[in-house]
Amino acid sequence: MMRSMTFELGQGTGPLRGVKVVEIAGIGPSPHACMMLADLGADVIRIERPGGQMLTGGSHDLLNRGRPSVALNLKDPAAVETVLTLIEDADVLVEGMRPGVTERMGLGPDVCAERNPRLVYARMTGWGQTGPFAQVAGHDMNYIAITGTLHGLGQVKEKPQFPGNLVGDFGGGSTYLVIGILAALLEAKVSGQGQVVDAAIVDGTASLNAMTAAFLAGGGFNEQRASNLLDGGTPYYDIYETSDGEHMSVGALEPQFYEVFVELLGIKESAPDRYDPASYAALADLIASTFKTKTQAEWVEIFEGTDACVAGIIPISKAVDHPHMKAREVFIEHHGVVQPQPAPRFSRTGATLSHPPAPGAGAHTREALAAWGIADVDVLIDSGAAVQI
């Protein structure tokens, strides 16, 4: 048996202190959303299947930080009733399953609303609750593919480049789920009624890409990669290799910043006209060959802290020691794991990290259910409806 931990409600320091969230555990965007809610002070209880699930779990799974892990067998009516009891006093339920799954469990929106009419029922999916793909399996790159977003990503003309699962799962997914939850909570304070939040990665990703849609509508966008202002189509907004095989990011868009850039790069007198597209290839070659004359560290010393809009590209293992990141304490060590601080920041109700990720599904079943007011927890455990590891 793993070492138990004491849980008390209302211990969060962020602006969501006092908000109670029941999380039906999923993968990817829904746990990331619940991590953010917990970071911001909400009391979140994570309901997992006994044994956990693929791609999640363990003391280094930062998406599960800040909340206890309770293992319930939701095929058991007693476990389902336990969740409904939790919902009676909750503000939010978050679930990330395919449409219809929670309904079949007996935990659908209508059943939950009967128990708690002010509940915000937040649903996270890739395709959404409706549409011909609603019941189809998929992952991040599939969702962003049909929104028109993946097609334009990357600086390689031959094929798109996908940025891990940042754009779909976390950009268009969990971020918009949290926005929806917060908006619905605000409305519920006025109306006294909850509602269903249908957060779909396809919806959020399309919204994220609104600027591209605006460029296209205005006739100023070419759907060929590496041919526009912000996708490597201009030599002054691109990535360049240094002499040691590292890279620099160059974002010298505005004329005044470009002037600083060419001055510090040492090409002010020899650089072709930046406003002439016919000169782009020559200008790009000049910038590239110049960057190859020094190491990344040497260029960083020249550029960082100036208005040239140039920064060295570093891996996350080095980002923790970057002077700016250290000064703001963007990363901290918490329970032996270096991790990002909660974001954003608040002047009065600053968030603080609380519980580390659970070492396994059901590590806190007894303590967390008791803290949430569930009686006879040991009866649930003895019957197999709940599991304590």
Is it fair to say ALA217 is out of contact with any Phe, Trp or Tyr (no Cβ under 7 Å at 6 or more places or on another chain) and not aromatic (Phe, Trp, Tyr)? yes
Taking first residues from segment 361-379 that are over 20 Å from GLY52 (Cα atoms) and second residues anywhere that are part of a helix (DSSP H, G or I) and basic (Lys, Arg), the pairs with Cβ under 8 Å that are 6 or more apart or on different chains are ASP378/ARG366
Go through segment 153-165 and give me each residue that's exposed (fewer than 13 other Cβ atoms within 10 Å of the Cβ) and touching a Leu at 6+ places or on another chain (Cβ under 9 Å). GLN161
Output the residue which, of all residues in segment 96-121 that are surrounded by 23 or more Cβ atoms within 10 Å (Cβ to Cβ) and within 23 Å of the chain's Cα centre (by Cα), is nearest to ILE47 (Cα to Cα). GLY96
Write out, first by first residue and then by second, each pair whose Cβ atoms fall under 8 Å of each other, whose residues are 6+ apart or on separate chains, and whose first residue, in segment 34-56, is over 20 Å from ALA371 (Cα atoms) while the second is aliphatic (A, V, I, L, M) and at pLDDT below 95. GLN53/ILE27; MET54/ILE27; LEU55/ILE27; THR56/ILE27
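Return yes when THR352 is more than 30 Å from GLU254 (Cβ to Cβ), at pLDDT 95 or above and in the same structural domain as ALA38 (by TED's automatic domain parsing) and no when it is not.
Spelling it out, it is not the case that THR352 is more than 30 Å from GLU254 (Cβ to Cβ), at pLDDT 95 or above and in the same structural domain as ALA38 (by TED's automatic domain parsing).
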Among the residues of segment 26-83, count how many are of a type in the set (Ser, Thr, Tyr), within 28 Å of GLY128 (Cβ to Cβ) and surrounded by fewer than 23 Cβ atoms within 10 Å (Cβ to Cβ). 1
Can you work out which of the residues in segment 122-152 that are part of a loop (DSSP other than H, G, I, E, B) and among the small types (Gly, Ala, Ser) is surrounded by the fewest Cβ atoms within 10 Å (Cβ to Cβ)? ALA137
Where residues in segment 216-226 are surrounded by 14 or more Cβ atoms within 10 Å (Cβ to Cβ) and in contact (Cβ under 8 Å) with a residue 12 or more places away in the chain, which of them is farthest from ALA297 (Cα to Cα)? ARG225
Any helices (runs of 4 or more DSSP H) falling wholly within segment 39-121 and containing at least 3 residues that are β-branched (Val, Ile, Thr) and touching a strand residue (DSSP E or B) at 6+ places or on another chain (Cβ under 9 Å): 77-88
Which ones in segment 346-367 are within 28 Å of ARG328 (Cβ to Cβ) and within 20 Å of the chain's Cα centre (by Cα)? PHE346, GLY350, ALA351, THR352, LEU353, SER354, HIS355, PRO356, PRO357
Selection from segment 282-341 of residues that are of a type in the set (Lys, Arg) and closer than 14 Å to GLU246 by Cα: LYS292, LYS294, LYS318
Out of all the residues in segment 358-389, which are closer than 27 Å to LEU62 by Cα, of a type in the set (Gly, Ala, Ser) and not in a loop (DSSP other than H, G, I, E, B)? ALA368, ALA370, ALA371, ALA386
Hey, can you tell me all the residues within segment 163-191 that are among the hydrophobic types (A, V, I, L, M, F, W, C) and more than 17 Å from PRO29 (Cα to Cα)? ALA183, ALA184, LEU185, LEU186, ALA188, VAL190
Among the numbered conditions (1) in contact with a Phe, Trp or Tyr (Cβ under 6 Å, 6 or more places away or on another chain); (2) among the aliphatic types (A, V, I, L, M); (3) free of Cβ contacts under 8 Å to residues at least 24 places away in the same chain, tell me where ALA308 comes up short. (3)
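The values are calculated or read from the model by the stated rules, or taken from the named source; none is laboratory data. Predicted model only: the values in this text are computed from it and were never measured. Glycine gets a Cβ as well: all are built from the backbone with ideal geometry, and neighbour counts include every protein chain shown.
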